[in-house]
Amino acid sequence: MNSKRKLTVAVTGLNNTDNPGPGIPVIRALRESEEFDVRIIGMAYENLEPGIYMHNLVDKTYRVPYPSEGSDVLVNRILEISKNEKLDVLIPNFDAELRAFMKSRETLAKAGIHTFLPELEIFEERSKNNLPEFGKKYDVKVPAGKPVTNLDELRDIKEDFDYPVVLKGKFYDAYIASNFDQASMYFHKISAKWGLPVIIQEYIRGTEVNVVALGDGYGNTIGAVPMRKLYITDKGKAWAGITLDDERMLDLTCRIIKSTRWRGGMELELIRSDDDEFYLIEINPRIPAWVYLAVGAGQNLPEAMVKLALGMNVKPYTDYKKGIIFVRYSFDLITDINEFEKLSISGIL
């Protein structure tokens, strides 16, 4: 007899491509839960997100409108879906959609849809625009940074920065520019995709390392696993990585979670500089796409986040396996044109 608690969980981020969303690894983690029997409702923005057609992982998929169409439009679509599916938990996995769901937390809760997301104030504090101020406030080393909105401002960065510099989009994308011509090209590329401002960040020489973590909203770290990328794609995404035994990275993570009272999943992107200092270059305010490495190392953070969303008591993880490696791979998923047409026409598969 199955004594697991049945849950219906909605998950976004089904784009499991060369720039993967976190949705599929989050779903894999929930499928391995020892406490929940999950029914997964996929939320797709595009008709060709691979997760839509992974029927062993996703039970049913709905098309949803882009956050750019308006928070109310997106949230109302979720509420409409929940009337049919009785959603228990919603796990959004894209930075661009988080603000809409954070602002609508109470509306979703009244409809029985639980979330576990950061508070809006701290979400804004850690944005790329505000990262230098974040560093000062919480005593964390952060590269110098500056938002720019036009080419004149970009030209003037030479007064504050030496090349190379890093150019970043509001939500995603980062490029290293060695001179103004490169910086100008990347400025246009990023602004066309993600809008303005584009963030200029001081380039720190060293090794990039990352931490996936989960905070309970009261300053406690429920879990944290550090890793180093072993293979990086041309989009800067980890295609292979290894868990690290590094107390300093864990201490820094716990300190940030404690001082900010972080609520929800996060990814810290750090540079270990050539002189062995850690610089925080980004806080991604949600579970990252490599979270399944943490599951493989003994910390099922998506399961713990669902428990927190439901108000359950969660014991913090105290350990994880060191030297565990993940390697991503791609394979050809075969489906029928009828499925594609069904989703395109009705918005449901």
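Kindly check whether there is at least one residue in segment 149-168 that is buried (at least 16 other Cβ atoms within 10 Å of the Cβ), among the charged types (D, E, K, R) and not assigned by TED's automatic domain parsing to the domain that holds ASP275. Within segment 149-168, one or more residues are buried (at least 16 other Cβ atoms within 10 Å of the Cβ), among the charged types (D, E, K, R) and not assigned by TED's automatic domain parsing to the domain that holds ASP275.
The numbered conditions (1) touching a strand residue (DSSP E or B) at 6+ places or on another chain (Cβ under 7 Å); (2) at pLDDT 95 or above are all true for GLU247 except (1).
Restricting attention to segment 146-186, the residues being at pLDDT 90 or above and within 27 Å of ASP251 (Cβ to Cβ) number 2. Per this entry, ILE242 is counted among residues that are among the β-branched types (Val, Ile, Thr) and not in a loop (DSSP other than H, G, I, E, B). For LYS258, the criteria (1) under 18 Å from VAL140 (Cβ atoms); (2) buried (at least 18 other Cβ atoms within 10 Å of the Cβ) hold in every case but one, which is (2).
You will find that of LEU79, LEU87, the residue that is surrounded by fewer than 20 Cβ atoms within 10 Å (Cβ to Cβ), over 24 Å from ALA213 (Cβ atoms) and more than 20 Å from the chain's Cα centre (by Cα) is LEU79 and no other. For the criterion of being in contact with a helix residue (DSSP H, G or I) (Cβ under 9 Å, 6 or more places away or on another chain), crowded, with 18+ Cβ neighbours inside 10 Å and at pLDDT 90 or above, LEU117 passes.
Looking at segment 274-300, which of its residues are touching a Phe, Trp or Tyr at 6+ places or on another chain (Cβ under 6 Å) and of a type in the set (S, T, N, Q)? Correct list: GLN299 only.
The values are calculated or read from the model by the stated rules, or taken from the named source; none is laboratory data. In this text the structure is predicted, and so the values were computed from the model without any measurement. All Cβ positions, glycine included, derive from the backbone under ideal geometry; neighbour counts span all protein chains shown.
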